[in-house]
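Notes to accompany the following structure.
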Amino acid sequence: MFKKKYRLKKKKEIEKIFKKGSLITGKFVIIRFLKEEKESPLFKVAVFVGKKYSKLATQRNRARRLIWKILAEVLPRFNQYLNHSAIIFIVKNNALGELEKNELRKDLIILLKKIKENLKNPQEDFI
């Protein structure tokens, strides 16, 4: 789990990302991200797992914990590219029962590389 300073908590921040942010879809996860012009060198992250994924809170929490664990391992490699960014990871509804750590990790790495490329060249339209 990340420290609180790295987590998105405010409803206004999350709504802003959904309205103005870019969208990337992967096999298991949808990512919404927004490059912000703040002086803080931090990036902020949120993980959403909806009830459509599973009605059981234990399964949703497992998916959430799995993503947080993978992000803790993977994000330090992308840290310099993600500064001043806000990222929301949304687990797809059709990923039920399929979430395995290795496949999810590969999917997240591919998506983070796409974000990295987009943040380097922000003029491109990215979906």
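Measuring nothing but alpha carbons in the stretch 4-120 and taking Rh as the Kirkwood radius, the Rg to Rh ratio lands at 0.94. Charged side chains reduced to their Cβ positions (Lys and Arg at +1, Asp and Glu at -1) give the chain a dipole of some 680 debye around its Cα centre. Taking the inverse of the mean reciprocal distance over all distinct Cα pairs, the Kirkwood hydrodynamic radius of the stretch 57-101 comes to 12.0 Å. The alpha carbons of the stretch 1-67 occupy a box of 40, 25, 21 Å along the principal axes, longest dimension given first. Between I14, I87, I115, the GNM of the chain built on Cα springs shorter than 10 angstrom shows I14 fluctuating the most. Under a Gaussian network description of the chain, with springs only between Cα atoms under 10 Å, the residue in E117, E36, E15 that fluctuates furthest is E15. Computed over the chain with a Gaussian network model linking Cα atoms closer than 10 Å, the most mobile of V29, V74, V45 is V74.
Each reported figure results from applying straightforward, stated rules to the coordinates on display, with no laboratory input. The structure presented is a predicted model; accordingly, all values stated were derived computationally and were not measured. All Cβ positions, glycine included, derive from the backbone under ideal geometry; neighbour counts span all protein chains shown.
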